[in-house]
Structure formats: C-alpha cells, structure tokens
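The values are calculated or read from the model by the stated rules, or taken from the named source; none is laboratory data. Please read these numbers as outputs of a predicted model, since none were measured by experiment. Cβ: placed from backbone, ideal geometry, glycine included. Neighbour counts: every protein chain shown. Accessible surface is based on the protein model in full, side chains and every heavy atom, while ligands, DNA and RNA are left aside. Shrake-Rupley method; radii C 1.70, N 1.55, O 1.52, S 1.80 Å.
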Amino acid sequence: MAEIIGNIATQPEKRTAQGSGDDYFTFRLAENTGRGDNRRATWFDVRAKLSQEQADLLVVGQLVCATGRVEPQAYVKKKALEGVPVPQTWNEVIKTLKERNALGTSLVLLTSSVKQHEFKPPA
C-alpha cells in the first residue's frame with residue numbers, strides 16, 4: 001500500500017464502472033517534493049470508492065492523504081494517430097508510435113481512503 005500526501009488538482013468527478021456498475025470518483029492529485037529549483041510534482045490519477053458525502057468534502061487545493069495501490073498505466077494518444085495509415089508490421093507500429101509521440105503513461109492510485117491532511121513542519 002502506498003500513502004500519497006498531496007494537493008487535489010481537479011474537482012472530484014463521479015463515474016460508473018463498466019461491467020460492475022459501481023460508482024467511484026476521479027480526480028488529479030499532485031505530490032510535491034523538494035524546495036526551490038529542486039521542487040517537482042508527481043501527478044496521480046486517483047480513482048476513489050467514496051460516498052457522495054465524502055467526495056463533497058474534497059476541494060481543489062486541499063492537502064489530503066490518500067492510501068491505496070499505485071498502478072502504472074500506459075495508453076495511446078488517439079489524436080496523435082488521426083489520419084495515419086494502419087502499419088503492416090510491428091516494427092512499423094513501434095516506429096509510428098515513437099514518431100508521433102503517441103504513447104502516454106500515468107500513475108493511477110486506486111483507493112477508498114482520502115482524508116484531509118494537516119501539514120506539520122519539522123521540529
């Protein structure tokens with residue numbers, strides 16, 4: 001299990017899972033590390049099984065702690081391939097994907113625990 005402390009970057013949006021019909025909420029979460037010029041953000045796409053009441057308490061900018069399973073996912077950017085003829089070999093597929101910068105990745109955090117987090121500066 002991973003514990004991610006970060007700021008909510010997008011308003012939680014309710015979705016319904018295909019197949020099971022279960023409701024869940026999605027939002028982006030930014031985990032910030034470092035200071036000054038060394039500061040960087042790691043972005044997570046959060047999929048949280050929360051009640052509507054729990055989701056209503058989450059707002060953009062809020063610092064939260066989300067506990068769950070992180071899954072790296074790869075995807076194809078469909079718009080990058082619009083109008084491209086279908087390649088005939090795997091080598092052509094790979095070459096086309098690279099040339100068009102058509103592959104993307106994301107870190108997905110699957111969770112049912114998102115709680116407000118209070119920043120505590122080091123003593």
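Summary table
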| read-out | value |
| --- | --- |
| Cross-chain or 6+ apart pairs with Cβ under 6 Å, the stretch 73-87 first and closer than 11 Å to THR105 by Cβ, then open to solvent by 70 Å² or more (accessible area, probe 1.4 Å) and modelled with pLDDT under 85 | ALA74/THR105 |
| Some residue of the stretch 25-45 being part of a strand (DSSP E or B) and of a type in the set (Gly, Ala, Ser) | yes |
| Of all residues making up the stretch 18-39, the number that are under 16 Å from the mean Cα position of the chain (by Cα) and farther than 15 Å from GLY61 by Cβ | 3 |
| Output for the stretch 66-90, where each listed residue is more than 26 Å from LEU29 (Cβ to Cβ), open to solvent by 80 Å² or more (accessible area, probe 1.4 Å) and not in a loop (DSSP other than H, G, I, E, B) | TRP90 |
| Residue satisfying all of: in the stretch 51-65; at negative phi and loosely packed, with under 12 Cβ neighbours inside 10 Å; nearest to the chain's Cα centre (by Cα) among these | VAL59 |
| Filter pass, GLY104 being at pLDDT 90 or above, open to solvent by less than 80 Å² (accessible area, probe 1.4 Å) and not in a helix (DSSP H, G or I) | no |
